[in-house]
Amino acid sequence: MNRTRTNDRFTRTRNGSAESGRGGSRFGSSAGSRSAGPSRSGGHGRRPAAVQGEFALPRTITPALPAVEGFADLDMPRALLGALSSQGVTVPFPIQAATLPNSLAGRDVLGRGRTGSGKTLAFGLAVLARTAGQRADAGQPLGLILVPTRELAQQVTDALAPYARSVRLRLATVVGGMPIGRQASALRGGAEVVVATPGRLKDLIDRGDCRLDQVSITVLDEADQMADMGFMPQVTALLDQVRPDGQRMLFSATLDRNVDLLVRRYLSDPVVHSVDPSAGAVTTMEHHVLHVHGADKHTATTQIAARDGRVIMFLDTKRAVDGLTEHLLNSGVRAAALHGGKSQPQRTRTLAQFKAGHVNVLVATNVAARGIHVDNLDLVVNVDPPTDHKDYLHRGGRTARAGESGSVVTLVTPNQRRSMARLMAAAGIVPQTTQVRVGEEALHRITGAQAPSGIPVVITAPVVERPKKRGATSRGRRRPVSAARRAPVRQSTAGAAA
């Protein structure tokens, strides 16, 4: 899908690296062509991302157990059922109802469901239920959940934490961008279930801080993205280290030919379940393609960002994200940037501010396209159209989650129309296409676009009051302290972020 760079402030050559920060115009970048790399051989080469289409699903020899109507019908520890009830989770989503009876029985599972369909609990409850009552030795976890990104790892951990506590299992999150020493310490302290990105887990194994030979349950979440990101050699190397007789589950919103190696090599007589076809659309999601003139795109983007309510805006490069974020802040829009060039604490803080409503616009690269759940997010905007249909589906999956409604809007300039039509066809989506101009009613009706205030804003981190340290309780050898130190210190929260 090569496109020619124009004078549009946002448009650039589309075959550049998605996280490149080089070159380009005001909000865009221009990078070299992406190399497809060598073809896969034995799982140790990177397959070109352009490969599309379904692979032949494996044949299931042993019939699958029937789906259940409620969690109470499942063979899970009573404490786990109680935790579900206390969390208000009473009726399983279809992918949970279909796969949990089989995964709880120890079957390998190949599951496909759109983002927001409940995949995390579908595999997470099985891992926790089958691990409950066991205790891991230092550095030897019993369950492993592999994910492609730090954000998804944290979301999986957060989603499973209350249920893990209910059955007294210890979770450890192992991702890059965070101090490796703390993660090594958590593993040495004993963690029954590890949620990890492949690169950081490999680092800890190489350091001798972790072994996988006791892992009896392994989950690959968003396996296709791991393949697309070039993690296939690391993933296969990790899977070769877990117990060969263990249970394996592979879940994703899309299952294409990039993951057929994993399915053929590592899943044995799997139960196959698909909530939606990989190119299927969510019925509560509207898809809009807005044809805009290059001269209008800058202003149209700004006015959409200034709408009432939150929005995620996707661009291709870190440089483009930073440029648009700075422009929006100067225009009076509360925006924040999220991309791979940010440290993990920065990314975590930005997401927290967006979820809390402290920031209204999250400007992001594809790092936010998977694994981020934000309640009541009703609009996603592709300022830069994605390069393939899977990216489109995962970007759009940030809205219309768990039965809620939402819209995905893609801004398309004249030279992008043909490639966008091909992308939509590959995604199995027939969008509503509208020609829009800045100031016209259609742009406001579809997106809520309005003029920004024009008053620059500054996003500051909220001040968190730290708990006071308690003084010594023994009476014998307390050292004298000054009056200044004895005086209680109160940290004001009045300066919390505006």
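The values are calculated or read from the model by the stated rules, or taken from the named source; none is laboratory data. Computed from a predicted structure; not experimentally measured. Every residue, glycine as well, gets a Cβ built from its backbone with ideal geometry; the counts of neighbours run over all protein chains shown. The accessibility values were calculated without ligands, DNA or RNA, using every heavy atom of the protein model including side chains. Shrake-Rupley method; radii C 1.70, N 1.55, O 1.52, S 1.80 Å.
Buried (at least 20 other Cβ atoms within 10 Å of the Cβ), free of Cβ contacts under 8 Å to residues at least 40 places away in the same chain and among the small types (G, A, S): is that true of A97 in this structure?
Values: buried (at least 20 other Cβ atoms within 10 Å of the Cβ): yes; free of Cβ contacts under 8 Å to residues at least 40 places away in the same chain: yes; among the small types (G, A, S): yes.
Spelling it out, A97 is indeed buried (at least 20 other Cβ atoms within 10 Å of the Cβ), free of Cβ contacts under 8 Å to residues at least 40 places away in the same chain and among the small types (G, A, S).
Quick check, is A196 over 21 Å from the mean Cα position of the chain (by Cα), open to solvent by less than 20 Å² (accessible area, probe 1.4 Å) and within 17 Å of V219 (Cβ to Cβ)? Full working, then the answer.
Numbers: over 21 Å from the mean Cα position of the chain (by Cα): no; open to solvent by less than 20 Å² (accessible area, probe 1.4 Å): yes; within 17 Å of V219 (Cβ to Cβ): yes.
So A196 fails the test.
Can you name the residue in the range 229-238 that is open to solvent by 40 Å² or more (accessible area, probe 1.4 Å) and touching a residue at least 40 places away in the same chain (Cβ under 8 Å) and, of all such residues, is farthest from S185 (Cα to Cα)?
Here is the first cut: in the range 229-238, the residues open to solvent by 40 Å² or more (accessible area, probe 1.4 Å) are 229, 231, 233-234, 237.
After this cut, where a residue has to be touching a residue at least 40 places away in the same chain (Cβ under 8 Å) as well, the list is 229, 231, 233.
Details: M229: 28, F231: 25, P233: 26 Å.
For the range 229-238, the residue satisfying everything is M229.
Does the range 252-263 include one or more residues that are in a helix (DSSP H, G or I) and surrounded by fewer than 16 Cβ atoms within 10 Å (Cβ to Cβ)?
Narrowing the range 252-263 to residues in a helix (DSSP H, G or I): 257-263.
Then keep just the ones that are surrounded by fewer than 16 Cβ atoms within 10 Å (Cβ to Cβ); that gives none.
No: the range 252-263 contains no residue that is in a helix (DSSP H, G or I) and surrounded by fewer than 16 Cβ atoms within 10 Å (Cβ to Cβ).
Among Q247, Q225, which is the only one that is open to solvent by 20 Å² or more (accessible area, probe 1.4 Å) and within 24 Å of L121 (Cβ to Cβ)? Give the steps one after another, and end with the answer.
Numbers: Q247 fails: open to solvent by 20 Å² or more (accessible area, probe 1.4 Å).
So the residue among Q247, Q225 that is open to solvent by 20 Å² or more (accessible area, probe 1.4 Å) and within 24 Å of L121 (Cβ to Cβ) is Q225.
Looking at L169, L144, L128, which one is crowded, with 21+ Cβ neighbours inside 10 Å, in contact with an Asp or Glu (Cβ under 6 Å, 6 or more places away or on another chain) and farther than 30 Å from S405 by Cα?
Details: L144 fails: in contact with an Asp or Glu (Cβ under 6 Å, 6 or more places away or on another chain); L128 fails: in contact with an Asp or Glu (Cβ under 6 Å, 6 or more places away or on another chain).
Among L169, L144, L128, only L169 is crowded, with 21+ Cβ neighbours inside 10 Å, in contact with an Asp or Glu (Cβ under 6 Å, 6 or more places away or on another chain) and farther than 30 Å from S405 by Cα.
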